[in-house]
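Visitor: Please read through the structure below; I'll follow up with questions.
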Amino acid sequence: SRGQPGADGRLHGRGVAYARYVHSKFPGFGAAWAAWAVDLSVDPASGRIAITRVVVGQDTGMIVNPDGVRHQIHGNVNQTLSRCLLERVQFDAAGVASREWGGYPIIGFKDLPPIDVLLMPRQDEAPMGAGESASIPGPAALANALFDATGRRFYQAPFTPDTVRATLAQSLPGRGPHA
């Protein structure tokens, strides 16, 4: 919607990103590929983001257990959404104040979107793993979806409501604050 609210008053956007996971010590070696497509909406008044759909395409080479790979990718999406929308390390005068898992924010079931996983059938290739690789393009896809929805660039996660409101309040060159 590039900053123009829909009939529901929300800003809607879609973002895409892909990446290849690299293993080992620098310069490392390439492993699994992952791509994300994210649909989201933003409440411009509150800054709250609702993820409405995530599609992940994954090339892990040979797949021994397709259901296991899908489950791993679902877990990566949940973790990535939590990191990108909720997680922020807190600091105080002594340093890092976020020191326990009990305070670690995880996206709740009611906020989880439908997640579609598309696996590349590459049974003639060596297995490349399905761990963290599915997480890598998530933040970029979310930032691209936010740009599509708001017309504003978001450069640093987490994309909290405060961050969204502050970014929306900034004037674009040659335009007013909500152009």
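No lab work stands behind these numbers, since they all come straight from the coordinates. These numbers were taken from a predicted model, which means no experiment stands behind them. Note that we place each Cβ from the backbone using ideal geometry, even for glycine, and neighbour counts take in every protein chain shown.
Visitor: Can you give me the three principal axis dimensions of the stretch 69-156 from its C-alpha atoms, in Å, biggest first?
Guide: 55, 35, 26 Å, listed from the longest principal axis down.
Visitor: For the chain, just run the numbers: alpha carbon Rg, then divide by 2.2 N^0.38 Å, N being how many residues it has.
Guide: Its radius of gyration relative to the 2.2 N^0.38 Å reference: 1.14.
Visitor: Moving on. Could you identify which residue out of GLY28, GLY15, GLY47 has the top mean-square fluctuation in a GNM of the chain using Cα springs shorter than 10 Å?
Guide: Looking only at GLY28, GLY15, GLY47, the largest GNM fluctuation is found for GLY28.
Visitor: Give me Rg/Rg_expected for the stretch 1-90, where Rg uses Cα atoms only and Rg_expected = 2.2 N^0.38 Å with N residues. If you can, show how the numbers build up before the last one.
Guide: Working: Rg = 16.5 Å, N = 90, 2.2 N^0.38 = 12.2 Å.
Ratio of Cα Rg to 2.2 N^0.38 Å: 1.36.
Visitor: Give, as a single signed number, the net charge of other residues whose beta carbon lies under 11 Å from the beta carbon of ALA134, with Lys and Arg counted +1 and Asp and Glu -1. Please report the intermediate quantities before stating the final value.
Guide: Values: positive: ARG70; negative: ASP59, GLU132.
Result for the local shell: -1.
Visitor: With every atom except the alpha carbons ignored, what do you get for Rg and Dmax of the stretch 1-52, in angstroms?
Guide: Looking at the stretch 1-52, its Cα Rg and Dmax stand at 16.9, 51 Å.
Visitor: Please report the net charge: other residues with Cβ closer than 12 Å to the Cβ of SER82, K and R +1, D and E -1.
Guide: 0
Visitor: Tell me what the chain gives for mean residue ellipticity at 222 nm when only DSSP H runs of n ≥ 4 count, each as -39,500 (n - 2.57), the sum divided by the residue total, rounded to 500 deg cm²/dmol. Write down the numbers at each step before the final one.
Guide: Numbers: 3 runs with 42 residues, N = 179.
Taking each H run of at least 4 residues, the total per residue is -7500 deg cm²/dmol.
Visitor: Between ALA19, ALA169, ILE107, whose Cα lies farthest towards the positive end of the dipole of the chain when Lys and Arg beta carbons carry +1 and Asp and Glu beta carbons carry -1, centred on the Cα centre?
Guide: ALA169
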